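Asks: Dropping a structure here in structure tokens format, bear with me for questions.
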Amino acid sequence: MRVGLYGGSFNPAHAGHRHVSRLALRRLALDRVWWLVSPGNPLKDRSHLPETAARAAGARAVAADPRIAVTDFEAALGIRYTVETLSWLTDRHPEVRFVWIMGADSLATFHRWGGWRTIAARMPFAVIDRPGYTLRAMASPAARALATSRLDEIAAPTLAGRAPPAWVFLHGPRSSLSSTALRAGAVPGRPGATNRD
């Protein structure tokens, strides 16, 4: 089983999340993608964040694909950091080949994540290009530090079977949908629209 892990606040989930997941399923030759609805990003303000269960319910309604599963187990286990989540999953499911999925906006700030080097050493990861982040992501401290572990895009279908550190940057159709913009009532493509979180 080859499973992509796509974490985030999903506040709210939208078609852009589904677009990224379907792109990852196809380009990385995955069997499933799991949406990990987090209790909240430690790097962001969580004071107005809806309950995890409510966001997970919204994500299930949006996923609309039998290959996409939605879970909020991190909240039940009291997990706050991605590095803890990945350790928990790989320890309990050694038979599964996991791939971490993140947007280019996340790669741009990856060096600020708790245990980011451990994440890269534990699991291969794929970066999905995002409008406005292509160059910033590739110039980020994490991208530079892990440059020798980057695969050519043509090797993306082999990523799940690679020993970490290994990662790939996937270009392709990009969604301009944004949870931040949706919360603010902005329309993608118009002033006020921002990138998806």
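The values are calculated or read from the model by the stated rules, or taken from the named source; none is laboratory data. Just so we're clear, the structure is a prediction, and the values are computed from it rather than from any experiment. Counting neighbours? That spans all protein chains shown, and the Cβs are built from the backbone with ideal geometry, glycine included. Note: accessible area is taken over every heavy atom of the protein model, side chains too, but ligands, DNA and RNA are not part of it. Shrake-Rupley method; radii C 1.70, N 1.55, O 1.52, S 1.80 Å.
Asks: Taking only segment 21-53 into account, find how many residues are at pLDDT 95 or above and either on the phi < 0 side of the Ramachandran plot or of a type outside the set (Gly, Ala, Ser) (or both).
Replies: Matching residues across segment 21-53 total 16.
Asks: Answer with yes or no whether ALA54 is hydrophobic (A, V, I, L, M, F, W, C), open to solvent by 50 Å² or more (accessible area, probe 1.4 Å) and either over 17 Å from PHE125 (Cβ atoms) or within 15 Å of the chain's Cα centre (by Cα) (or both).
Replies: yes
Asks: Among the residues of segment 73-109, what is the count of those that are assigned to a loop (DSSP other than H, G, I, E, B) and at pLDDT 95 or above?
Replies: 4
Asks: Starting from segment 135-162, take each residue that is more than 19 Å from ALA108 (Cβ to Cβ) and list its partners that are hydroxyl-bearing (Ser, Thr, Tyr) and part of a helix (DSSP H, G or I), counting only C-beta distances under 8 angstrom and pairs at least six apart or across chains.
Replies: Sorted first by the residue in segment 135-162, then by its partner, the pairs are LEU151/THR158.
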